[in-house]
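What follows is a single structure, written as structure tokens, with notes after it.
The values are calculated or read from the model by the stated rules, or taken from the named source; none is laboratory data. None of the values given here were measured: they were computed from a predicted structure. Here Cβ is always computed from backbone atoms with ideal geometry, including for glycine, and neighbour counts include all displayed protein chains.
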Amino acid sequence: IYAAIRLFGKAQDATYQAQQLDNSIDLNGDGMLFYPDFQVHIKAGKNITSNLPCEIYTVDGTLTLNTIEHVRSAIFTDHRG
């Protein structure tokens with residue numbers, strides 16, 4: 001969430017849908033940050049590990065970052081490939 005706010009500023013609205021255990025512990029969930037012209041989808045959790053890069057989808061293509069923090073590589077791929 002902090003990275004999205006640093007990249008795009010304060011969202012106009014936000015939602016979060018938790019996946020909970022029977023004892024109400026929040027294991028993971030999906031968050032959405034709403035901006036005037038786009039949304040940011042965030043998957044977060046205590047029981048998931050991702051080794052995937054960060055992807056930012058635009059109307060022109062996809063920006064792939066090696067990580068959201070301390071970026072060392074950024075590759076833009078337009079919709080033609």
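Annotations
- Condition met for G9 (of a type in the set (G, A, S) and touching a Phe, Trp or Tyr at 6+ places or on another chain (Cβ under 6 Å)): no
- Matching residues, region 19-43, being of a type in the set (A, V, I, L, M, F, W, C) and surrounded by 14 or more Cβ atoms within 10 Å (Cβ to Cβ): M32, L33, V40, I42
- Count of residues meeting criterion [aliphatic (A, V, I, L, M) and in contact (Cβ under 8 Å) with a residue 24 or more places away in the chain] in region 8-43: 4
- Remark: pairs (first residue in region 63-75, touching a residue at least 40 places away in the same chain (Cβ under 8 Å); second residue surrounded by 11 or more Cβ atoms within 10 Å (Cβ to Cβ) and part of a strand (DSSP E or B); Cβ separation under 7 Å; 6+ apart in sequence or on different chains) = I68/C54.
- Residues of region 56-77 that are assigned to a strand (DSSP E or B), exposed (fewer than 12 other Cβ atoms within 10 Å of the Cβ) and modelled with pLDDT under 95: Y57 alone.
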